[in-house]
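What follows is a short report on a single structure.
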Amino acid sequence: MAIKAWSKDGEPEIIAKGYGRVLVRQWFINPYTNERIDFTQFGSLKNQWPTIIMAITDKLEVLVVRQFRFSPNEITLEVPGGNPNPKFEDNSPIAVGSRELSEETGYTPREVIQLAPKAFFDPASYNVNYYPCLALGCYPTPEKKEDNSNEKTEVVLIPLKEYLKMMFNGEIFDSKTGHLLVMSLIHILGTDAEALANKILT
């Protein structure tokens with residue numbers, strides 16, 4: 001049986017909202033039975049896609065952020081990221097990634113590469129995607145780091161080799177970080193997808 005897309009039926013209904021996030025009910029038409037089915041989805045009030053960025057220094061160190069996260073109720077190790085800001089004229093994924101990286105970590109990239117047109121947080125229940133980017137040649141610009149009392153962070157530099165081992169050993173729990181790291185490797189190593197895949201599997 002061929003997989004068919006489901007069509008939306010009507011506008012989404014907001015069930016709950018707060019802190020820039022929203023829970024909505026959206027009705028769909030099941031293309032196999034023609035039944036009207038409702039699903040609940042998480043999203044953002046402004047429906048903006050954030051940029052998530054894998055940042056690498058010239059010494060091949062990964063810039064990661066330690067911070068307390070409310071949902072898992074623990075301190076996590078994640079890559080930087082953030083949302084578009086209407087006070088800036090350029091809110092392209094690359095501009096947002098570069099700006100958020102500087103504000104969140106105090107490092108500025110020499111080059112930013114968008115790795116894919118989009119990536120899913122959780123396609124089963126989250127209707128906001130993100131832009132995956134890679135920042136290369138990151139250097140310290142501590143004067144650009146913002147101090148937010150509601151989002152205290154610690155910047156950690158981890159050698160790329162050690163970071164890869166942490167990922168392989170299941171020590172990095174953030175799934176989007178692993179996705180970004182895999183896509184970033186061809187650019188970090190100066191190769192292409194075919195060559196890297198052959199190297200890993202031979």
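The values are calculated or read from the model by the stated rules, or taken from the named source; none is laboratory data. Just so you know, these numbers come straight off a predicted model, no measurement behind them. Cβ sites come from the backbone with ideal geometry, for glycine too, and all protein chains shown count toward neighbours.
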Search region 49-73 for residues being outside any strand (DSSP E or B) and closer than 22 Å to residue 92 by Cα, and hand back the single one that is modelled with the lowest pLDDT. 49
Is there a residue being over 15 Å from the mean Cα position of the chain (by Cα), of a type in the set (Phe, Trp, Tyr) and on the phi < 0 side of the Ramachandran plot anywhere in region 98-115? yes
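Answer yes if at least one residue in region 184-202 is touching a Pro at 6+ places or on another chain (Cβ under 8 Å), surrounded by 16 or more Cβ atoms within 10 Å (Cβ to Cβ) and over 20 Å from residue 107 (Cβ atoms), and no otherwise.
Of all residues in region 184-202, those touching a Pro at 6+ places or on another chain (Cβ under 8 Å) come to none.
Within region 184-202 (the criterion being touching a Pro at 6+ places or on another chain (Cβ under 8 Å), surrounded by 16 or more Cβ atoms within 10 Å (Cβ to Cβ) and over 20 Å from residue 107 (Cβ atoms)), the answer is no, since none of the residues qualifies.
Kindly indicate which of 118, 152 is of a type in the set (Lys, Arg), at pLDDT 90 or above and under 22 Å from residue 50 (Cα atoms). Before you say what the answer is, go through the steps one by one.
On the way: 152 fails: at pLDDT 90 or above.
That would be 118, the only listed residue that is of a type in the set (Lys, Arg), at pLDDT 90 or above and under 22 Å from residue 50 (Cα atoms).
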Limited to region 121-147, what total is found for residues that are over 30 Å from residue 6 (Cα atoms), at pLDDT below 90 and surrounded by 13 or more Cβ atoms within 10 Å (Cβ to Cβ)? 2
Restrict the check to region 36-45 and report whether at least one residue is free of Cβ contacts under 8 Å to residues at least 24 places away in the same chain, more than 21 Å from residue 143 (Cα to Cα) and assigned by TED's automatic domain parsing to the domain that holds residue 151. no
Region 140-202: helices (runs of 4 or more DSSP H) wholly inside it with 2 or more residues that are out of contact with any Phe, Trp or Tyr (no Cβ under 7 Å at 6 or more places or on another chain) and either among the acidic types (Asp, Glu) or in contact (Cβ under 8 Å) with a residue 40 or more places away in the chain (or both) are 160-168, 175-188
Say we look at region 79-110 and pick out the residues that are touching a residue at least 40 places away in the same chain (Cβ under 8 Å) and assigned to a strand (DSSP E or B); which of these is farthest from residue 180 (Cα to Cα)? 107
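Select from region 11-35 the residues that are assigned to a loop (DSSP other than H, G, I, E, B), touching a strand residue (DSSP E or B) at 6+ places or on another chain (Cβ under 9 Å) and modelled with pLDDT under 95 and list them in ascending order. Please lay out each step first, then the result.
Here is the first cut: in region 11-35, the residues assigned to a loop (DSSP other than H, G, I, E, B) are 11-12, 19-20, 30-35.
This time we only want the ones that are touching a strand residue (DSSP E or B) at 6+ places or on another chain (Cβ under 9 Å), so: 11-12, 20, 30-31, 35.
11, 12, 20, listed by residue number.
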